[in-house]
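Readers should treat all values here as calculations from the given coordinates under stated rules, not as data from a laboratory. Computed from a predicted structure; not experimentally measured. As a convention, Cβ positions derive from the backbone with ideal geometry for all residues, glycine included, and neighbour counts pool all protein chains shown.
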Amino acid sequence: MQQWVIMATFYTIQEAHMAATYLSSHNIEGRIENENSNSILPVYGLSAAGIRLLVPVESAREAFDLLEKYLPNEGGSLFV
């Protein structure tokens, strides 16, 4: 069974999917959790709980390095 780690959190599902697609373009699988949590503030499309982007443990270092360059331009918070 593959283990996953939280790599970043986002306030919008669009930001989370863009980051996951960016990782995918570098052959890193990403999984999104809390995708439907934006129902808390649906008018704004925001998630109060945060939408989480997870990656496999074995890809975490490479994903961190990629997202560290990507997130300052696109939003989101990187887990350290």
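Of note:
- For Thr9, the shell of other residues with beta-carbons less than 10 Å away shows a net charge of -1, using +1 for Lys and Arg and -1 for Asp and Glu.
- Label point distance in nm, Glu62-Thr21, each placed 7 Å from Cα along Cα→Cβ: 2.1 nm
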